[in-house]
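Below is one structure; the comments refer to it alone.
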Amino acid sequence: AFPAGYRSDFAARAAVPDIELMAQMSEARPVAMTLYRPLEAAPGALRFKLMRLAQPLTLSGSLPMLENMGLKVLDEHPYRVAAQDGAPIWIQDFGLDSGLGDAEIEIDTLRPVFEEAFGAILGGEVENDDFNRLVVGALLPAAEIVILRAYAKYMRQIGFALSQAFIRATLAAHPQLARRLVELFKARFDPGVQNGAAARAAEHAAAIEAALEDVDNLSEDRVLRLYMALILATT
């Protein structure tokens with residue numbers, strides 16, 4: 001069932017997890033994926049296999065999604081896997097540069113967050129924009145990035161002078177502060193952990209204040225402080 005190109009590029013043991021993923025696919029579940037890091041990969045390098053029933057995702061569709069997540073697409077190898085009955089399965093293997101350089105990539109932590117976010121973007125459940133850089137940069141799930149995106153749109157509604165693009169770039173430049181802002185929101189509003197919520201929120205606010213001392217750009221500082229003020233003012 002596998003084309004010659006796939007058999008040339010992958011050892012049999014590497015095909016086994018792909019076969020297991022494809023065995024779970026159906027018309028009700030036409031997409032499967034896996035993010036991985038080869039043992040011999042250069043610093044910051046990742047690979048991403050996207051499997052789709054019947055037809056591949058076009059490059060014009062996949063590149064914007066991956067690039068908005070802060071990834072640079074280096075190459076793409078498509079493989080058509082024949083089926084005894086029904087539609088074929090297409091495997092697209094993308095070579096990616098995470099932009100993290102020599103920073104250690106915790107692939108086991110990143111994989112589920114990335115795959116869930118990419119699936120949500122592909123399915124149109126969340127917006128495809130630069131806020132999604134926080135998936136890789138801050139290991140934030142797509143559902144938590146929605147919180148930051150919503151506050152940014154509220155800033156536009158109240159006439160905040162700085163642009164949405166600048167707000168997105170600010171969060172991408174300070175991923176750990178973005179993560180702390182989400183933690184502050186969750187400390188205040190997560191209905192499952194309300195015991196001691198006020199104390200935890202105060203701790204997160206203090207940590208954000210301390211981290212803001214290291215933000216040199218005044219406009220970026222203004223954006224991040226407004227985020228904190230809006231979260232603290234939310235009821």
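Taking θ as phi - 60°, what are the ³J(HN,Hα) couplings along region 107-117 by the Karplus curve (6.51, -1.76, 1.60), each to the nearest whole Hz, with x for Gly and Pro?
Those phi angles translate into 4, 5, 7, 6, 3, x, 5, 5, 5, 5, 5 Hz.
Give the long-range amide H neighbours of Glu76: residues separated by 5 or more places, or on another chain, with amide H under 5 Å away, using H modelled in the peptide plane at 1.01 Å from N.
Gly95
So, in nm, how far is label Ala210 from label Glu67 when the simple model puts each one 7 Å beyond its Cα toward the Cβ?
4.0 nm
Could you compute the FRET efficiency for Glu106 and Glu40, with r as their C-beta to C-beta distance and R0 at 25 Å, rounded to 0.05?
For Glu106 and Glu40, the calculated efficiency is 0.85.
Hey, got the dipole for region 83-235? About the Cα centre, +1 on K and R Cβ, -1 on D and E Cβ, debye to the nearest 20?
820 debye
How would region 105-156 be classified by its alpha-carbon gyration tensor: rounded, prolate or oblate, with rounded meaning a/c under 1.5 and the a/b versus b/c comparison settling the rest?
oblate
Which residue fluctuates the most in the chain, going by a Gaussian network model with Cα springs under 10 Å, if the choices are Leu71, Leu162, Leu46?
Most flexible of the set in this elastic network: Leu162.
For the chain, just say rounded, prolate or oblate: build the C-alpha gyration tensor, square-root its eigenvalues into a ≥ b ≥ c, call rounded for a/c under 1.5, and beyond that prolate if a/b exceeds b/c, oblate if not.
Prolate shape, in that a/c is at least 1.5 and a/b is the bigger ratio.
Among Gly70, Gly192, Gly119, which one shows the biggest mean-square fluctuation in a GNM of the chain, springs joining Cα atoms closer than 10 Å?
The residue with the greatest mean-square fluctuation here is Gly192.
Report, in debye and to the nearest 20, how large the dipole of region 34-96 comes out about its Cα centre when Lys and Arg carry +1 and Asp and Glu carry -1 on their Cβ.
Computed about the Cα centre, the dipole is about 80 debye.
Using a 1.4 Å probe and counting only protein heavy atoms, arrange Arg180, Arg222, Arg156, Arg188 so the residue with the most accessible area comes first.
Of Arg180, Arg222, Arg156, Arg188, the descending order of accessible area is Arg156, Arg222, Arg180, Arg188.
Rounded to whole Hz and in sequence order, give me ³J(HN,Hα) for region 141-151 from the Karplus expression 6.51 cos²θ - 1.76 cosθ + 1.60, θ = phi - 60°, writing x for Gly and Pro.
Along region 141-151, the couplings run x, 4, 5, 7, 5, 4, 4, 5, 5, 5, 5 Hz.
Can you tell me the dipole magnitude for region 1-123 around its Cα centre, using point charges on the Cβ only (Lys, Arg +1; Asp, Glu -1), in Debye to the nearest 20?
So the dipole magnitude of region 1-123 works out to roughly 340 debye.
As an exercise, use a Förster radius of 30 Å and the Cβ-Cβ distance of Leu59 and Ala161 to find the FRET efficiency, rounded to the nearest 0.05.
With R0 = 30 Å, the Cβ-Cβ based efficiency is 0.20.
Provide the gained length on full extension for the span Met25 to Gln176, in nm with one decimal, where the gain is 0.36 nm per separating residue minus the Cα-Cα distance.
On the way: separation 151, 0.36 × 151 = 54.36 nm, distance 3.61 nm.
Between Met25 and Gln176, full extension yields 50.8 nm more.
Please turn the phi angles of region 181-191 into ³J(HN,Hα) values with the Karplus equation 6.51 cos²θ - 1.76 cosθ + 1.60 (θ = phi - 60°), one per residue in order, whole Hz, x for glycine and proline.
My calculation for region 181-191 gives 5, 5, 4, 5, 4, 5, 4, 7, 10, 5, x Hz in order.
The values are calculated or read from the model by the stated rules, or taken from the named source; none is laboratory data. As the structure is a prediction and not an experimental result, all values here were calculated from the model. Cβ: placed from backbone, ideal geometry, glycine included. Neighbour counts: every protein chain shown. Each accessible area value is taken on the protein alone, full model and side chains, heavy atoms only, with ligands, DNA and RNA left out. Shrake-Rupley method; radii C 1.70, N 1.55, O 1.52, S 1.80 Å.
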